[in-house]
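Report on the structure given below.
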Amino acid sequence: DTGGHEHYLVKEIHEQPAAVERTLRGRLDDRFHTAHLGGLNLDARELREIRRVKILGCGSAYYAGEMGAQLVEELARIPAHAEPASEFRYRNPVIEADTLYIAVSQSGETYDTLAAVQEVKRKGGRVLGVVNTVGSAIARACDGGVYLHAGPEISVASTKAFTSTVVAFALLALHFGRIHDLSPAEGRRICAGLKALPDQIREILAQEQRIAELAAEYAKHDGMMFIGRVRGWPVAREGAQKLKEVSYVHAEAYPASELKHGPLALISPELPTVAVVPDDELLDKNLTTLGEIRARSGRVLTVGHRVPDARLADHAITVPKNEPELDPLLLSIPLQLLAYHAAVALERDVDKPRNLAKSVTVE
Ligand code: BG6
């Protein structure tokens, strides 16, 4: 039941404020400005022994894991890295006792992710799951974890589970951070940011009509470039993935910093760029990159916190500002709507894109 929406995908996009509320429910501690996660099965002393975090998942779960890795590094100052579970399991990975492995999966049934968990466990490593489906194969195989409580996700392309995964990582990173050196004031800042997310997502969803008009216009091109720097980079990757999955428009994601090392050769009026430009310490660098694209007659659509100078962008989508560490989550929401409405404009099979399955349970 699409609940009055035309597709499950757009229904699930609109369910995100409620999904985030469920992921947060009962988990924020206003006294110690930290997060409580009952299912980790790791006490503070064990958590302090962790020197690295390795995050494993496939598709959008992997991109959410990339955002998660940044959150863990920024808030807890523990080196963290995400890798496609599908690659990890085939490369005879080195498993270390002081690394915490985290498997990410909406369905909890993705075979590549399950195989990666089994490989870690077989070699004596410790794995947590960040999983939506309670009691799923991956959840059962892990030593502990965090359930998303995002509710069932039907559309093949992940939206609310993606967002809830990033929120779950923010909770984990806050918890790790407060065990290490994140101050109470910093903890309070992140707690307040997390509480603000549902209403801020609602504000972004209210811009749907305008994003739909932009999507119909940009979908006329055969391809699009998505760029972002540091915190904006996983946003660009997931934005490109979403567009490819549901609209079949070719989308290439690049770090903005890498543009001049190759892909700038592709820039022309035929290949528009979606640029993720948050208002952070890298804003000036990002604006310079936009200038380089415009100098090659490239069209630019920005997603950020303010409208850039008209010489630097043809169109701009703005989102409310949260804390810099949590902004990537909000910047991802307009890109979901962009992909959805591009797919609608091109009359694609939105909820069941060709060649894809919701969960790939075979090798
Ligand atoms: C892919 C789906 O096959 O599996 C993606 O098409 C999804 O949408 C990925 O992100 C991972 O799925 P899960 O259930 O492990 O999060």
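The values are calculated or read from the model by the stated rules, or taken from the named source; none is laboratory data. Owing to the predicted nature of the structure, the values given are computational and were not obtained by experimental measurement. Positions of Cβ are backbone-derived with ideal geometry, glycine not excepted, and every protein chain shown enters the neighbour counts. Accessible surface areas use protein heavy atoms only, side chains included; no ligands, DNA or RNA. Shrake-Rupley method; radii C 1.70, N 1.55, O 1.52, S 1.80 Å.
If you take all other residues with their beta carbon under 13 Å from the beta carbon of Pro263, and give Lys and Arg +1 and Asp and Glu -1, the sum is -1. Its alpha carbons considered, segment 1-140 gives a radius of gyration followed by a Dmax of 16.3, 50 Å.
Could you give log10 I(q)/I(0) at q = 0.14, 0.18, 0.31, 0.33 Å⁻¹ for segment 196-238, computed by the Debye formula over C-alpha point scatterers of equal weight, without solvent? Each listed q corresponds, in turn, to -0.50, -0.78, -0.93, -0.93. Relative intensity of segment 292-363 on a log10 scale, I(q)/I(0) at q = 0.15, 0.17, 0.27 Å⁻¹, equals -0.74, -0.85, -1.13, per a Debye sum over C-alpha point scatterers of equal strength in the absence of solvent. When the accessible area of segment 47-88 is split by element with a 1.4 Å probe, what percent falls to carbon and sulfur? Accessible surface attributable to carbon and sulfur in segment 47-88 totals 44 percent. Compute the angle between helix 283-295 and the longest alpha-carbon principal axis of the chain, please, reported from 0 to 90 degrees and rounded to the nearest 10. Once rounded, the angle reads 40 degrees. Taken over the chain, the convex hull of the Cα atoms encloses 131 Å³ per residue. Sorted on the mean count of surrounding Cβ atoms within 10 Å across their residues, most packed first, peptides 10-17, 341-348 read 10-17, 341-348. Close amide-amide hydrogen proximity is noted between Ala103 and Leu56, Leu128, Gly129, Val130, each under 5 Å apart and 5 or more residues distant or on a separate chain (H modeled in the peptide plane; Pro and chain starts excluded). By the Kirkwood approach, averaging reciprocal distances over each pair of separate Cα atoms, segment 244-363 gets a hydrodynamic radius of 15.8 Å. Using the average count of surrounding beta-carbon atoms within 10 Å as a protection proxy, the listed peptides 192-204, 95-107 rank, highest first, as 95-107, 192-204. Split the accessible area of segment 218-363 by element, probe 1.4 Å, and carbon with sulfur accounts for 49%.
Taking only Cα atoms, what is the 0 to 90° angle, nearest 10, from helix 327-345's long axis to the longest principal axis of the chain? It works out to around 50 degrees. I need to check one value: relative contact order of the chain, counting alpha carbon pairs closer than 8 Å and at least 6 residues apart, in percent. About 19 percent, as a whole number.
Legend: P(r) of segment 175-295 from all alpha carbon pair distances, 5 Å bins from 0, whole percents, reading 2, 10, 15, 17, 19, 15, 9, 7, 5, 2, 0.
Looking at the square roots a ≥ b ≥ c of the eigenvalues of the Cα gyration tensor of segment 93-207, which shape do they give, rounded for a/c under 1.5, prolate if a/b is larger than b/c, or oblate? It is oblate, given that a/c is not under 1.5 and a/b is not larger than b/c. Of the chymotrypsin sites (Phe, Trp or Tyr not before Pro) found in segment 131-237, no site is in coil according to DSSP while having at most 13 other Cβ atoms within 10 Å of its Cβ. Ellipticity at 222 nm from helices only: DSSP H runs of n ≥ 4 in the chain, each -39500 (n - 2.57), divided by the residue count, give -14000 deg cm²/dmol. If you take the charge dipole of segment 153-225 about its Cα centre, with +1 on Lys and Arg Cβ and -1 on Asp and Glu Cβ, which of Gly193, Leu205, Leu182 is farthest toward its positive end? Sorting the options by dipole projection puts first Leu182. With contacts taken as Cα pairs under 8 Å at a separation of at least 6 residues, segment 1-152 carries a relative contact order of 22 percent.
Rolling a 1.4 angstrom probe over the protein heavy atoms with all chains in place gives the chain an accessible area of 41 Å² per residue. Counting only alpha carbon atoms, the long axis of helix 160-179 and the longest principal axis of the chain meet at about 50°.
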